[in-house]
Amino acid sequence: MGGNGVLYPILGFASCVAFIYMSFGDLKLSSLPKGLSLSFVERNGSRFILDGKPLYVNGWNSYWLMAHSMDENSRRRVSAMLQAGAKMGLTVCRTWALNDGGYDALQISPGQFDERVFQALDYVIGEASRHGIRLLLSLVNNLQAYGGKKIDGKLTNSQQAEIWFFGNKTVLTRKNTITGIEYRNDPTIFAWELINEPRCMSDPSGDTLQEWIEEMTGFIKSIDKNHLLTIGLEGFYGPKSPKKSALNPGEWASTLGSDFVRNSNITNVDFTFVHIYPDHWYVSKWVRSHIEDCDKELKKPVMFTEYGLSNQNKDVQASQREQFYRTILDLIYKSAKKKGSGVGALVWQFLVEGMEEYNDDFGLVPWETPSIHKLTIQQSCRLARIQGLNQQTGNLKQLCS
């Protein structure tokens, strides 16, 4: 899922200056050595652990990083976005490590990869490490975009999805041409996401999707035991969670073959995943319900990995967008402060200037909306203070002191 007389030239000039600054202004940050010293993120019960200390995440989505790393002219946008994220105290970016069988595909056909596109992904990981940003990498898309492969109750379709998915062994074992590190051994990668927004509408019982997740999480863990693994769920409650289904955005959500509690309870799933869009969801109840599930039943961390508000809703004022963001971030902060399972959130999505074709109605350039920019930094800092500012390094410690 995923624009917000006389004034316009002034704003245009300001945006241009901001972009130049984000791209080139902080030479001290952009000259960081390749491969910052990062450790693998681990899990202990319902909390993330980094270097023996609890870790809480304030981050964002920029699904387009690999696509923009294929061309020297557009790579500057990738560097600018990662640098901007670091300057806001953000620590995790979710992005696609996928494009199957379409234009500029990473995986051209099952098990066959385009080296040119792979080197673009190498660049994304190298740049993220350089700026101290960890990446949550999604391996497959259930949606049509970027060559999505649906999981289906029909045997032929399910087999096709599996054939394409097994090709991801090549991704896990890829040796980065820039850093020289295999992906599975690189702590720059925060975690692997199995599949973006999985559904199996042909089997509303959920059995087909459950079996697929069990098989594929086992496959990933057999190759990579270093990284955390999550599914990529939207967070809908299915037929196995009848008492919770009333919280879904509609009756249709319980018929999609996914079930937050049942799917997330699989052993190889390290943490849970929820999306939230307030045009359809009851925000506070939705967030609290999933935190409660993870506190009391699943005993795993929960991240709200997509939250956004459509720019197409003309009735929404800037203050309402800020309030929606604040509601979610406050609930995460309160959970973190109580040592609960609500450990982080990732806004959908952040862009830099000149990327209108990649804006899916939910994107924004954060520094063009001062209230959102300020709120983002505030969340980064108050989570950092829970962890202990003395434990922070680099830009985050300086930003929040």
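The values are calculated or read from the model by the stated rules, or taken from the named source; none is laboratory data. Everything numeric here is computed off the predicted structure, so don't read it as measured data. Backbone-built Cβ (ideal geometry, glycine too); neighbour counts: all protein chains shown. Calculation scope for accessible area: heavy atoms of the full protein, side chains included, ligands and nucleic acids excluded. Shrake-Rupley method; radii C 1.70, N 1.55, O 1.52, S 1.80 Å.
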Cα centroid of segment 291-312 to Cα centroid of segment 86-116, whole Å: 24
Identify the chymotrypsin sites (Phe, Trp or Tyr not before Pro) of segment 59-146 meeting these criteria: DSSP loop state and at most 10 other C-beta atoms within 10 Å of the C-beta. 103
Run through segment 268-315 and list the trypsin sites (Lys or Arg not before Pro) located in a DSSP loop whose Cβ has at most 10 other Cβ atoms within 10 Å. 314
Taking every pair of Cα atoms in segment 47-400, average 1/r, invert it to obtain the Kirkwood radius, and report Rg/Rh to two decimals. 0.94
Students often check this: by mean Cβ neighbours within 10 Å, which of 48-58, 302-312 ranks highest, and how do the rest follow? 302-312, 48-58
Show which aspartates and glutamates lie in cross-link reach of residue 337 when reach means a straight Cα distance below 16 angstrom and same-chain residues fewer than eight apart are skipped. 292, 295
What number, in percent, do you get for the relative contact order of segment 47-400 if the mean sequence gap of Cα pairs under 8 Å and at least 6 apart is divided by its residue count? 18
Mind putting together the pair-distance distribution for segment 222-300? All Cα pairs, 10 Å bins, whole percent per bin, short to long. 18, 53, 23, 6
Rank these residues by their accessible area, most exposed first, probe 1.4 Å: 173, 230. 173, 230
Return the subset of 300/334; 339/374; 244/314 for which the Cα-Cα distance in this structure is over 20 Å, preserving the input order. 339/374; 244/314
Rounded to the nearest whole Å², what accessible area per residue is found for segment 47-400 with the 1.4 Å probe? 38
At 0.36 nm per residue, minus the direct Cα-Cα distance, what do residue 319 and residue 369 gain on full extension? Give it in nm, one decimal, please. 16.9 nm
Cross-link list 285/338; 169/285; 175/299; 296/397: which exceed 29 angstrom alpha carbon to alpha carbon? 169/285; 175/299; 296/397
